[in-house]
1. Kindly list, by first and then second residue, each pair from a residue in the range 317-342 that is in a strand (DSSP E or B) to a residue that is of a type outside the set (A, V, I, L, M), limited to pairs with Cβ atoms under 9 Å and residues at least 6 apart or on different chains.
2. Restricting to the range 304-344, give me the number of residues that are on the phi > 0 side of the Ramachandran plot and modelled with pLDDT under 95.
3. From the list 327, 291, pick out the single residue that is among the basic types (Lys, Arg) and over 22 Å from residue 27 (Cα atoms).
4. From 319, 327, 367, grab the single residue that is touching an Asp or Glu at 6+ places or on another chain (Cβ under 9 Å) and of a type in the set (Lys, Arg).
5. Looking at the range 297-308, I want the residues that are part of a loop (DSSP other than H, G, I, E, B) and have a partner that is of a type in the set (A, V, I, L, M) with Cβ atoms under 7 Å, at least 6 apart or on another chain. Which pairs are those?
6. Is it the case that some residue within the range 361-372 is among the β-branched types (Val, Ile, Thr), in contact with a strand residue (DSSP E or B) (Cβ under 7 Å, 6 or more places away or on another chain), buried (at least 19 other Cβ atoms within 10 Å of the Cβ) and within 26 Å of residue 156 (Cβ to Cβ)?
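The values are calculated or read from the model by the stated rules, or taken from the named source; none is laboratory data. Note that the structure is a prediction, hence the values are computed from the model and not measured. Every residue, glycine as well, gets a Cβ built from its backbone with ideal geometry; the counts of neighbours run over all protein chains shown.
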Amino acid sequence: MFAGIGGFRTGLTRAGGFQCVGHCEIDKYANASYCAIYEPGKEERYYPDARNIDPADLPDFDLLCGGFPCQAFSNAGRRRGFADARGTLFFEIARLAQAKRPSYLLLENVPGLLSHDNGKTFAVILSTLDDLGYHVEWTVLNSKYFGVPQSRKRVFLVGYLDPRCAGKILPVFGTGGKALVQVLGGPQGSRIYDADGVACTQTAGAGGAGGKTGLYIIPPKEPFIDLCVGHPKKTDTARCLTARYGQTTLSHHRAERSGVLLIKEATKKGFKEAMPGDTVDLGYAGSNTRRGRVGRDIAHTLETSCIQGIVERGGRIRRLMPRECLRLQGFAEWQIDRILAIQSDAQAYKQAGNSVTANVIEAIGHRLREADAEREGDAAA
């Protein structure tokens, strides 16, 4: 359901053990990309409009996936919820689930769904699925913990008919972080930990140099690039930073060029430093209310138009290319080649922004397979 360019299919295919028997996508351009990637045969049914699907025409299936349109619930939109026609498309999923009774449901949407209308919208969704006999679990997952450098939070709902599946599919843990590793022991405030590890939770009354979590190695060893000399040189000491807060390009004044851009943000400091390799949110560049515009070696959440740039050496900010955006959603190079061969840049940006991150779906797919295999094993015993 609402297949887009096939993020669900890509992730589940990588997980192994899944076969797609049909897909639904109303956008002709997105469907063209889907067909270019997967080359569906006659055995795979295609339905252009979810509202017109006749359940009697559906093949049998065990898993129904759907990233139902998020615009009605997103904080970036008007949040009209079920008053928006797009918001009611969830009930098309419920209609087909009622008719076909698949063993599992896998749904995705924006985190704003949880808080929309003070939680009443989400309560309606849970109540609807409960009335259909589904046990439902949900969690918010961030793509950056699943092998792609993109901060993209989405809520995932898993429904199942067999109560023995409880707690066996969710939660899903990413592979992007590692446990806290102590490099040098000692009393509080003197311990040193590997910076790549996951830190302890900071407390309000921490005190001490380490804030009850010790001290951390700061990577990389030489985080600045000195552009004042004849050729760029890495250094662990920045030259004087310019106080020109509104500046969005490198300073041309001598002794003020450390390979650092000052990006305007609504903070006490007034700006945030951006270095080569960081991403910058280019939307509303002159805004006095936006913050979090700089991503440290990680992209912000992709949208349907490209408003992100990446800082290159020398202070140039360029937009992310369509290929880069599709990579951030976990698509392979050969899949991206097929999309870009038939789509304009505008369509490629839109399709990347609308897609689900394939890596996250792959992780959930592994858990689904394990839970289903255990359930079938119990039934056979």
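1. Between residues of the range 317-342 that are in a strand (DSSP E or B) and residues that are of a type outside the set (A, V, I, L, M), the close pairs are 317/248; 317/249; 317/309; 318/309; 318/312; 319/306; 319/308; 319/309.
2. Selection size over the range 304-344: 2.
3. Only one candidate passes the filter, namely 291.
4. After ruling out the rest, the residue left standing is 327.
5. Close Cβ pairs satisfying both conditions: 302/328; 302/352; 306/320; 307/282.
6. Yes, the range 361-372 has at least one match.
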